[in-house]
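The values are calculated or read from the model by the stated rules, or taken from the named source; none is laboratory data. What you see is a predicted model, and the numbers here were worked out from it, not measured in a lab. Using ideal geometry, Cβ is built from the backbone for each residue, glycine included, and neighbour counts are taken over all protein chains shown. All accessible areas refer to the heavy atoms of the entire protein, side chains included, with ligands and DNA or RNA removed. Shrake-Rupley method; radii C 1.70, N 1.55, O 1.52, S 1.80 Å.
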Amino acid sequence: MEHLKESFSQDIFNELKKIRTMLPAKFSSTNLANKLYLLLATPELSNPLPCRAASASCFLDPTGVLYACISMDKRIGDLRKSNYDLAKLMSSERADAIRDLVRNCSSCWTPCEANQTILANLPRACLLCLKSTLLNLLTH
């Protein structure tokens, strides 16, 4: 099973490399985030930056339950039970604890979380891409 997972991750990584060449050259924050996302993607598809879920984004399920992200089963709270006060939920001790936990999460590199993470860590993301590009130039 582990071999299938590695093979699948490598296939996805190879497709991301192809997509990288098809992105438009026009500058926008979305295009920048997309290009950095593709450049920072690894075959393991793990997050190379401190995750910013529950800070730069969150996930609200159809029943009103608020989560840090779509991939992590950590409930911040119920929007309906908090009188639809998102600021109150996001400033709670529970949200702070989840943000601390999420910051060290490297289990995904999905665009829905990665783009916010890239933009929130923009200088570091650019340095990682520069390092990767230089290493690639020196080794090829």
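Here are a few things to note about the model shown:
- Among residues that are among the β-branched types (V, I, T), closer than 20 Å to K131 by Cα and open to solvent by 30 Å² or more (accessible area, probe 1.4 Å), T21 is included.
- Residue check for R80: open to solvent by 60 Å² or more (accessible area, probe 1.4 Å) and in contact with a helix residue (DSSP H, G or I) (Cβ under 7 Å, 6 or more places away or on another chain): no
- Residue check, C51 under 27 Å from E15 (Cα atoms) and either among the charged types (D, E, K, R) or in a loop (DSSP other than H, G, I, E, B) (or both): yes
- Among (1) in contact (Cβ under 8 Å) with a residue 12 or more places away in the chain; (2) open to solvent by 40 Å² or more (accessible area, probe 1.4 Å); (3) farther than 27 Å from E15 by Cα; (4) acidic (D, E), the one test that E44 misses: (3)
- Selection count, the stretch 112-140, where residues are part of a helix (DSSP H, G or I) and surrounded by 13 or more Cβ atoms within 10 Å (Cβ to Cβ): 16
- Residue in the stretch 56-63 that is among the hydrophobic types (A, V, I, L, M, F, W, C), open to solvent by less than 20 Å² (accessible area, probe 1.4 Å) and in contact with a Cys (Cβ under 9 Å, 6 or more places away or on another chain) present: no
- Look at the stretch 87-110: where a residue is outside any helix (DSSP H, G or I), no partner that is of a type in the set (V, I, T) sits 6+ places away or on another chain with Cβ atoms under 6 Å.
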